[in-house]
1. With each pseudo-label sitting 7 Å past Cα toward Cβ, what's the Ala44-Gln99 distance in nm, one decimal?
2. If I take the Cα coordinates of the stretch 89-148 and project them onto the principal axes, what are the three extents in Å, biggest first?
3. If the chain between Arg9 and Arg88 were fully stretched, how many nm would it gain, using 0.36 nm times the residue separation less the Cα-Cα distance?
4. When a/c is below 1.5 the answer is rounded, else prolate if a/b is larger than b/c, else oblate, so apply that to the stretch 4-174 with a ≥ b ≥ c taken from the square roots of the Cα gyration tensor eigenvalues.
5. Any chance you could run the full-extension gain for Ser135 through Arg77? It's 0.36 nm times the residue separation minus the Cα-Cα distance, nm to one decimal.
6. If you look for lysine pairs in the chain that are eight or more places apart or on different chains, how many of them have Cα atoms under 21 Å apart?
7. With springs only between Cα atoms under 10 Å apart, run a GNM on the chain and tell me which of Ala163, Ala44, Ala108 wobbles the most.
8. Give a residue-ordered list of calculated ³J(HN,Hα) values for the stretch 72-82 (Karplus: 6.51 cos²θ - 1.76 cosθ + 1.60, θ = phi - 60°; whole Hz; x for Gly, Pro).
Amino acid sequence: MQNLDQKRRPQAHDYAPFYAAYVEEVETDDIVRFLEKQKGQIQAFLKQIPWEQWELSYAEGKWTLAQLMLHLIDAERIFAYRALCIARGDQTPLPEFDQEAYAETSEANSRTPVSLTEEFAAVREATVHLFRNFSPAMWAQRGTAAGSTITPLALAWIIGGHAEHHLRVMRERYWDA
């Protein structure tokens with residue numbers, strides 16, 4: 001169900017100021033199509049990276065590429081879950097998540113690049129299906145996540161922008177392809 005509400009940028013009052021940089025990363029007039037296209041771009045990029053690069057970090061104390069990729073997957077799941085809850089009218093405040101704790105316990109470095117790439121594709125496909133079927137009323141719902149008011153529309157843009165941010169980090173610091 002394509003609708004005009006998914007074809008507008010979220011406004012600053014639709015999300016916490018912390019997320020503004022992610023929203024600004026996305027240049028589109030159709031967030032669902034952007035997410036679909038981005039999936040293919042990320043998959044193509046990941047296929048270029050040699051296996052041995054996945055277990056390396058670019059500096060002491062930084063995540064490995066495998067951990068970074070699993071962080072991207074985990075964050076997308078959490079943001080999409082928040083969007084689902086809010087779109088369905090659930091007013092339960094949704095908690096923050098500790099990305100460092102998730103990365104530390106993820107066992108990402110024991111995963112293969114193929115399994116991480118496939119999981120990303122599956123999660124993104126589910127995200128796209130979720131957003132593709134939101135009605136205008138669902139996009140506009142307001143809820144609370146991590147202590148701030150947010151909309152499903154903003155969460156969709158945050159997912160895309162968060163992925164753009166980390167894709168740039170991967171290109172610049174992990175693999176200069």
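Just so you know, all these numbers are worked out from the coordinates, no wet-lab data involved. Not measured: the values here are computed from a predicted model. Methodologically, a virtual Cβ is constructed for each residue, glycine included, from the backbone with ideal geometry; neighbour enumeration extends over all protein chains shown.
1. Result for the modelled spin labels: 2.6 nm.
2. Principal extents (Cα only, largest first): 41, 27, 12 Å.
3. 26.4 nm
4. Details: a/c = 1.97, a/b = 1.62, b/c = 1.21.
Prolate.
5. On the way: separation 58, 0.36 × 58 = 20.88 nm, distance 2.03 nm.
Stretched fully, the Ser135-Arg77 segment lengthens by 18.8 nm.
6. Numbers: Lys7/Lys37; Lys7/Lys39; Lys37/Lys47; Lys39/Lys47.
Close lysine pairs found across the chain: 4.
7. Answer for the Gaussian network model of the chain: Ala44.
8. Per residue, the Karplus-derived 3J(HN,Hα) values read 4, 5, 4, 4, 4, 4, 5, 4, 5, 4, 4 Hz.
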